[in-house]
Amino acid sequence: MDVEFQPAPKPVGLAGAGRRLTFDLCRPRRPCYRVSEMARQPATVTIDVERCKGCVLCVEVCPPRVLVMTDHEVNAMGYRYPLLLDGCTGCELCFRICPDFCFEVYRGASEAAVQ
C-alpha cells in the first residue's frame, strides 16, 4: 500500500508580538462522502412529531430533499413538524442531526413484518 504524505502547511504571518500564526488550509480536500455514492438500503423512518420543536435542521440536511415542514399543522406544543415524502434513501442524516431525537431509522426488517 502506497501512502502519500503531504507537506505540513506553511505558516502565514509572523508569530509573537501580538500576531497570530495562521496556516493556509484552503487546499482542496475530498469530501467525506458523496450523495450519489451513499448506501441505499431499505429502511423504515419514523418521526415523533410531538417531540419536534421545528428547528428545520433535518429538512436542510436531507440529500434527496424528501423531508418537508408542515404548513399549517402543528403538534401539541404548537410547532410545525417534518413530513417524510417518498424517495428516502435511508442515509440517517436526519437521525444524526436532530437535537430532539425525533427520528428513528430501522433496517433489516423481515419480509414477514413488511407484509
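The values are calculated or read from the model by the stated rules, or taken from the named source; none is laboratory data. Just so you know, these numbers come straight off a predicted model, no measurement behind them. No Cβ is skipped: glycine too gets one built from the backbone with ideal geometry, and neighbour counts run over all protein chains shown.
Every condition in (1) modelled with pLDDT of 95 or more; (2) touching a Cys at 6+ places or on another chain (Cβ under 9 Å) is met by residue 35 except one, and the failing one is (1).
Taken together, the criteria exclude residue 69 from residues that are over 20 Å from the mean Cα position of the chain (by Cα) and among the hydrophobic types (A, V, I, L, M, F, W, C). Which members of region 84-101 meet the condition of being closer than 13 Å to residue 57 by Cα and either basic (Lys, Arg) or in a strand (DSSP E or B) (or both)? The one that is closer than 13 Å to residue 57 by Cα and either basic (Lys, Arg) or in a strand (DSSP E or B) (or both): 96. In region 68-76, the count of residues that are modelled with pLDDT under 95, of a type in the set (A, V, I, L, M) and not in a loop (DSSP other than H, G, I, E, B) is zero.
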